[in-house]
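The values are calculated or read from the model by the stated rules, or taken from the named source; none is laboratory data. Note that the coordinates shown come from a computational prediction; the quantities given were computed from them, not determined experimentally. In this analysis, Cβ positions are derived from the backbone assuming ideal geometry, glycine residues included, and neighbour counts consider all displayed protein chains. For accessibility, only protein heavy atoms count, side chains too; no ligands or nucleic acids. Shrake-Rupley method; radii C 1.70, N 1.55, O 1.52, S 1.80 Å.
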Amino acid sequence: RFHPVWVSNGAPNGTSGVQFRKMAAENPGTAAKEAHDQKVAWFKEYLYNNREEWERKIELRLANGDLRIPLELKSLQSAQPGLEKKVLQEPVKYLPAYEEGLLGFLADTAPKAVKSLKQALRLDLQGAFGRNHVTPRGMTAEYTGQLMCVEGLVTRCLVTKPKLLYSMHVRKDVDDNYVEQRDHRDTTSLVVTSRSAAGFPKQDSEKNDLQMDVAFSVYKDSQHFTIQETPDTAPPGQIPRSIKVICDGDLCDKAKPGDRVQVIGIYRSFPPPLQDFTDGVFPAKLVATDIKPVKELTEPNFTPEDINNIQKIAEREDTFQLLARSFAPSICGHERVKAGLLLQMLGGVEKNLSNGTHLRGDINVLLVGDPSCGKSQMLRFVMNTAPLAISTTGRGSSGVGLTAAMIRDAGSREFHLEAGAMVLADRGVICIDEFDKMNQVDRVAIHEAMEQQCVTIAKAGMHVTLNARCSVLAAANPIFGNFDSTLDLVKNIGLPDSLLSRFDLIFVVRDQTTEEIDRKIADQVLRQCATRFDDGKKRGVEQIHSSILERRSQQGFSDEPAQLFEAQMGEDSSQGQVVTVDFLQKYIRFARRRQPVLNEEARQAVTEKYVEMRMRFQSGYADLSATDGAERKPRLAVTTRTLEALIRLATAHAKLKLRKDFVLVEDVEQAYRLMLSAREEDVPEPAAAPAAPVDDDTGSNGGDGRQAGRGKKRQREEAEASQPESEGIMKGRYESLKTLVGRCFAKQRLPSIGRMDLLQMVNGDLAPGEPVFTEAELDAGLAKMETANKIMIDEAGDEVIFVG
């Protein structure tokens, strides 16, 4: 059984509290030394009572190169009731003594390990800190001198510097191995007294001149950084608070700008040098004893009823439409935009290849539209729904403000790194409103962060790379404020292709003036104004408290199942069912855990859709009236990034359906339809997506396809009527035929294909709405391709041989 030698009143064993206070008053140095020795002896005895456990723990830590030994506060409380509170309130009295006892215990049990130590052992206090677990806003004067646990976001990080601990002085002109040592430890070393006030000694006791030996002096690494309240913990309408942190030794370079960390340390004041007068304001900083990254945010737990409801919603046929309708339900219309933002919050699957290539899984969305269409409200809903979101505006942000900046410190004149908004939003969403108001130079600065998801800085002799793995949601107005119907989409947007290609979805939000839409919007707004919301329940950022301890103490509220469907506003229920915001947040968080991959059918479908988009938007063969390349409709560019965007959107839809393993063709179809609708292109109906097979050589459709056959016949007659007799096929049609023929040979992987079979394959791959190719067009096109040495036709004229 453990018998402590230190009683609860703080006096040595065998000494009453009155006698100890009298002794301390008569000889304070001796009393403090005796109290310190008693704490050292108590902790050594505490370690010896669990010798095997502590030996194993210390050996494991030293083997991993870690000099910080964890110590649970509850174990101290079980060994001596009330000791946990004393350690939290007066850590300077206990931590140095306990660390000295730890070193003495190691010297007794493993002398060789002590000799191999390059730095002193440290204790890493862990456990529940109670009211001492706060954010930077909670660091008030009452906690000065106490052991604190602070969580926040690293916004500023200075360079690591060596700091002098002990200076060694030798005689200047005599080499007699005489060494004099001076202690330069300050309050960051948790020492009560310091002998460094006299500075460096100039002479020894015998009046011999001394000089400092720099090589034999002892140094340690030291670093300063600043942690700030995270955006989700700062109260609405208030500026986030920050606090400076001092770390040394192995804790240096553990935190970088943009990281969410939990810092355990002692909150101490650092008075300025003594002067004739003072204002009484002493800056306080946190002397870190441990730094840990916060991997998971504080989120409500899933209940069995929540998981059951999530699985039921995922099994519905209209899951995508239901959740998209529930996204920002207070905004009328914009179903396509809501569906895209829903997929953005789910995201794709991030890929880190073995060769070092990083493929982002975050989805970037751009909203371009007329004023007063609800773009900013959608950004605000994403901010309140996403677990981590940072908002900024184009006019109020610069390029370095969005990425990162090197700033010269006013006092030391040295450079330090400050993270921008995109770095602070790592693993979250950054919302940029008024994106078109940004300067061109500032927009170029975010190109790297949007695609490579990192920020590289090479300034002031420093080369730094910071993570910026965030989704970008931007809202902008057209180049002239409103959409000009006389201009095409590209000229209306007015942004360079190098920036537009980095957005996976570009939505056009128009203010259409039709009576039906106007009445629908007016009815939506009036029903909201006529409904009184007095349940007292807070959502979004209002639900977040500034104290993390307070948030975690409300687990009883978080463990309640979220309400599934929202109550209908008013008497009109024509909009259908809508799930609640709380359930939508849980659904998104549950679905983001899935990591499906493309199966073989989905990979082929992605390839087909990408090739079709390239032909439609790059070659312009869908413009039926185009006779020359200059007359084709300008469209948004389709690049390889569009292919990656299609994969990300399909993966996000698979997550929405809670698919664990594979992305199906259905997900690819939904992603393709969403991309076409976002680009204001004709979207094929789901039932008309598969092409009807041609049963005979005449190319006529049977059964219920008669109407489509008559439509194709009229289109064929109109196309034949517009063909020049000299060539037999129009230039635009020839370019389309050449692409489709090469595509058919690539799919079949055959050296030759029959002429009629080739005609059937070409017409089967046509885009919706494009007229079929006639035999005359095929013969004329094949003749031109043979002249260009692309194909060969056998003597009988029935086989087409592909050359390249």
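Per-atom-type breakdown for segment 50-134 gives carbon and sulfur 50% of the accessible area (1.4 Å probe, protein chains only).
How charged is the neighbourhood of residue 39? Take every other residue with its Cβ under 13 Å from the Cβ of residue 39, and add Lys/Arg as +1 and Asp/Glu as -1. Net charge in that neighbourhood comes out at -2. Per residue, segment 256-327 exposes 56 Å² of accessible surface when a 1.4 Å probe is rolled over the protein heavy atoms with every protein chain present. Comparing segment 364-516 with the 2.2 N^0.38 Å rule of thumb, its C-alpha radius of gyration ratio is 1.15 (two decimals). Within straight-line reach of residue 39, meaning a Cα separation under 22 Å, sit the following lysines at least 8 residues removed in sequence or on another chain: 22, 57, 74, 85, 86, 93. For residue 655, the lysines whose Cα comes closer than 18 Å to its Cα, not counting residues fewer than 8 places off in the same chain, are 312, 338, 351, 586. Taking the Cβ of residue 335 as the center, what net charge do the other residues with Cβ under 13 Å away carry, scoring Lys and Arg +1 and Asp and Glu -1? Within the 13 Å Cβ shell, the charges total +4.
The packing ranking, built from the mean of other Cβ atoms within 10 Å per residue, places the peptides 596-605, 455-464 in the order 596-605, 455-464, highest first.
Evaluate the relative contact order of segment 333-491 (contact order divided by residue number), counting alpha-carbon pairs under 8 angstrom at least 6 apart; express in whole percent. Here the relative contact order equals 27 percent. Amide hydrogen proximity for residue 389: with H placed 1.01 Å from N in the peptide plane, the residues at 5 or more positions away or on another chain lying under 5 Å are 429. Summary value for segment 123-193: 20 percent relative contact order, contacts being C-alpha pairs under 8 angstrom separated by 6+ residues.
Remark: C-alpha extents of segment 35-193 on the principal axes read 59, 42, 34 Å, sorted largest to smallest. Lysine pairs in segment 194-260 whose alpha-carbon atoms fall under 21 angstrom of each other, counting only those eight or more residues apart or on distinct chains, come to 5. Accessible surface for segment 116-202, divided over its residues, is 52 Å² per residue with a 1.4 Å probe.
Which trypsin sites (Lys or Arg not before Pro) from segment 205-308 combine a DSSP loop assignment with at most 15 other Cβ atoms within 10 Å? Here the sparse-neighbourhood loop sites are 207, 295. When Rg and the Kirkwood radius Rh are both evaluated on Cα atoms of segment 216-318, their ratio Rg/Rh stands at 1.22.
Per-residue extension of 0.36 nm, minus the Cα-Cα distance of residue 408 and residue 214, leaves a gain of 67.0 nm for this segment.
Suppose we keep just the DSSP beta bridges with both residues in segment 367-515; what percent of those would be antiparallel, to 5? Beta bridges within segment 367-515, antiparallel portion: roughly 45 percent.
The protection proxy used here, the mean number of other Cβ atoms lying within 10 Å of each residue, ranks peptides 117-127, 144-154 as follows, highest first: 144-154, 117-127. Quantify, in whole percent, the carbon and sulfur part of the accessible surface of segment 217-288 (1.4 Å probe; protein heavy atoms only). After summing per-atom areas, the C and S share lands at 54 percent. For the set 289, 140, solvent exposure ranked by accessible area (probe 1.4 Å, protein chains only) runs largest to smallest as 140, 289. Distances between placed amide hydrogens fall under 5 Å for residue 415 paired with 409, all partners being 5 or more residues away or on another chain.
Restriction of the GluC sites (Glu not before Pro) in segment 301-393 to DSSP coil positions whose beta-carbon has at most 10 other beta-carbons within 10 angstrom yields 317.
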